[in-house]
Amino acid sequence: MWVKAKVLERRDWNRRLFSLKLSAGVTDFIAGQFIKLSIMRDDKRIARAYSLVNPPGRDYCEILAVAVNGGELSTHLQALVAGDEIEMTVSAAGFMTLNEVPNGFKHLWLIATGTAVGPFISMMLTAEPWQRFDKVVLVYGVRQVDDLAYLAELRALEQAYPQQFRLVISVTREPFVGGLSCRIPQGLIAGEIEAQAGLTLNAADSQVMLCGNPEMVKEADIYLQSLGLTKNLRRAPGNITLEKYW
């Protein structure tokens, strides 16, 4: 079912990366899930999935998106301003959620590239990860410094959970003070990410959620399995939950 949602606020991070806050709220969704936005063009519905950045319980929806050259929907979304309308689904979906992650582990690793940081922010704005895990690590990889969305909010989480939260940022194409400069799979293989986090990835302690660029997800998954971590499936609970972003 589709409803009309009004744009409440638009936030531009750079010339292609932006967030939209929409008037319609989604009830009973789980942090990490996504909605769909759509437009009608030539009697055809063009729809795409966007993860929610906001936690449950808010009376609005917020999404993080990047305008793709020639994108049928993303370029339209980027042109929206406060007061414009867009169609969205009334319910959220998806299994990239903490209730799919088994209990009994000390450390939660959230590994994202680009806009895939959105669902992890939604999770970290709830109480669940801080109640369930001793340490929460967010590994956030981008190309340019201005690709770092919600950095102020992430710094606020560092202040709120100084003993629990570890923020590992890697910017591959320009320097970033305090950050790494490696692609995430290479940073894992070289041990740079573990060193920055001050923790070791292992099957006994670690739950890992991978989200973003399909190549990153594939390469990181292969490396993590080489350490003895296993994919997390409902029929066979394990360590690795993943979602490819396109």
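Every number here is computed from the coordinates shown, using simple stated rules; none is lab data. Just so it is clear, the structure is predicted and the values come from calculations on it, not from any experiment. Quick reminder, even Gly has a Cβ in these numbers, built from the backbone with ideal geometry, and neighbours come from all protein chains shown.
Data table
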read-out	value
Gyration tensor (alpha-carbon) shape descriptor, the range 169-209, a/c threshold 1.5	prolate
Debye, to nearest 20: dipole size of the range 36-164, +1 on Lys, Arg Cβ, -1 on Asp, Glu Cβ	380 debye
Lys, Arg +1 and Asp, Glu -1 on Cβ, resulting dipole of the chain about Cα centre, debye, nearest 20	260 debye
Computed over the chain: relative contact order in percent, which uses C-alpha pairs under 8 Å that are six or more apart	17 percent
Antiparallel DSSP beta bridges within the range 16-154, percent to nearest 5	70 percent
Along principal axes, Cα extents of the chain, largest first, whole Å	51, 41, 33
At R0 = 35 Å, FRET efficiency that the Cβ-Cβ distance of residue 204 and residue 27 yields, to 0.05	0.40
Magnitude of the charge dipole, the range 25-98, Cβ model with Lys/Arg +1 and Asp/Glu -1, debye to 20	220 debye
Karplus (6.51, -1.76, 1.60) ³J(HN,Hα), θ = phi - 60°, over the range 63-75, in Hz, Gly and Pro reported as x	10, 10, 9, 10, 6, 9, 4, x, x, 5, 10, 4, 5
Separation between Cα centres of the range 168-246 and the range 1-61, rounded to whole Å	27 Å
Dipole-positive endmost among 181, 213, 105 within the chain (Cβ charges, Cα centre)	213
Unit charges at the beta carbon, dipole of the range 25-110: most positive-side option, 75, 40, 29	29
J(HN,Hα) series, the range 4-11, from Karplus relation 6.51 cos²θ - 1.76 cosθ + 1.60, nearest Hz, glycine and proline x	7, 10, 9, 6, 8, 7, 10, 10
Spacing of the two label points (7 Å from each Cα toward its C-beta) at residue 59 and residue 130, in nm	2.4 nm
Karplus-derived HN-Hα couplings along the range 182-199 (A = 6.51, B = -1.76, C = 1.60, θ = phi - 60°), whole Hz, x at Gly and Pro	10, 5, 4, x, 5, x, 5, 4, 7, x, 5, 5, 4, 4, 5, 7, x, 9
Efficiency of FRET between residue 143 and residue 43 - r from beta-carbon atoms, R0 35 angstrom, step 0.05	0.40
Long-range HN-HN contacts of residue 137 with modeled amide H, under 5 Å	108, 109, 110, 166
